Amino acid sequence: MMSHGRAPDGRSSYEILRDHVSGHVRVLDLGCGDGFLLDLLVKSGHQAAGVDLSSADLALARQRPSLRGVPLTTGRAQELPFADDSFDACVSHMAFMLMPDIDQVAAELARVLAPGGHLALIVSSGQAGGSGSYELFQKLIRPAFDGAPPEQQIPPLGDKRTLHRDGIDEILVPAGFSPIAWDTEPIDLGGTAEQVWSRLSMIYNFMPLDPAVVRSLEAEFLTQAAKLADADGRVPCTMNVHIADTSLSQLGFSR
């Protein structure tokens, strides 16, 4: 999973997000999943809250000792279950890009953030950093998804505008946010061939595919990735992510 990855400065992508909202007290984790980022936020002194569609993921988050007493709510980003001006900042790790009705999500974020509130997002670039194993992974899985029977096809998720800077501005600026600051970080997910497969496969939804197909893909990946390993058996794997950073107008959400 992404928690194992590291940027060139040694931080995980989760730590990068945490640091983007340092100095803010009330922080919302949008699409918080199992609470990994929330854990970092709470331990850094933030008054954090999380919201996610998955009750199963939230159940895992509640098992984290640091999150006892932290508000963890099942809810939709398009209709956030929070009052106006509830938060000073919001973070979202690899979730914003998967959400439908994204313009409504932007309006809801503007509503629950206080005037001047901060928003920091990490979205996938869908591109490798030239390491070879990520390209190999993509080369193997794409035909499997594209050639799957209709009942195993995964419908497109999210809005394509979230994959590039101008598109995110097109979503957020009308809701009252400033044009985003934009950065790209290479995240090192390298390790043994088995570790690389596990980390990359956690990012993709293999559930609709036949388990036999997934096992075959894994076996082929492990065979080919082993040829990329260095003398210590480490397979390089780099995935680029984008960081979008912005603030809400001091006038706040136009109600």
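The values are calculated or read from the model by the stated rules, or taken from the named source; none is laboratory data. These figures come from a predicted structure and were not determined experimentally. Backbone-built Cβ (ideal geometry, glycine too); neighbour counts: all protein chains shown. In case anyone asks, the SASA skips ligands and DNA or RNA and just uses the protein heavy atoms, side chains included. Shrake-Rupley method; radii C 1.70, N 1.55, O 1.52, S 1.80 Å.
Given axes a ≥ b ≥ c from the Cα gyration tensor, I'd like to know whether the stretch 32-118 is rounded (a/c under 1.5), prolate (a/b larger than b/c) or oblate. The shape class here is oblate. Label sites at Leu163 and Arg64, each approximated as a point 7 angstrom past Cα along Cα to Cβ, lie 2.9 nm apart.
For the chain, the gyration tensor built on C-alpha atoms gives a prolate shape. Its axis ratio a/c (a ≥ b ≥ c) is at least 1.5, and a/b is the larger of a/b and b/c. Rounded to the nearest Hz, the phi-derived 3J(HN,Hα) couplings of the stretch 67-77 under the Karplus curve 6.51 cos²θ - 1.76 cosθ + 1.60 (θ = phi - 60°) are 9, 4, x, 7, x, 10, 10, 7, x, 9, 5, where x marks glycine and proline. Close amide H partners of Val51, meaning residues 5 or more places away or on another chain with modelled amide H under 5 Å apart, are Asp29, Gly31, Cys32, Thr73. For the stretch 179-255, a/c is not less than 1.5, where a ≥ b ≥ c are the root eigenvalues of the C-alpha gyration tensor, and a/b does not top b/c. That puts it in the oblate class. Couplings for the stretch 90-97, taken from phi via the Karplus curve 6.51 cos²θ - 1.76 cosθ + 1.60 with θ = phi - 60°, read 9, 10, 8, 9, 6, 10, 3, 6 Hz in order; Gly and Pro are left as x. The mean sequence separation of alpha-carbon pairs under 8 Å and at least six residues apart, normalised by the residue count of the stretch 55-136, gives a relative contact order of 30 percent. By accessible area, using a 1.4 Å probe on protein heavy atoms only, the stretch 216-255 has 50% of its surface on carbon and sulfur. Rolling a 1.4 angstrom probe over the protein heavy atoms with all chains in place gives the stretch 1-142 an accessible area of 39 Å² per residue.
With every protein chain in place and a 1.4 angstrom probe, the accessible-area ranking of Phe82, Phe137, largest first, reads Phe82, Phe137. Dipole of the stretch 5-134 computed with +1 at Lys/Arg Cβ and -1 at Asp/Glu Cβ about the Cα centre; of Ala7, Ala114, Met99, farthest Cα towards the positive end is Ala7.
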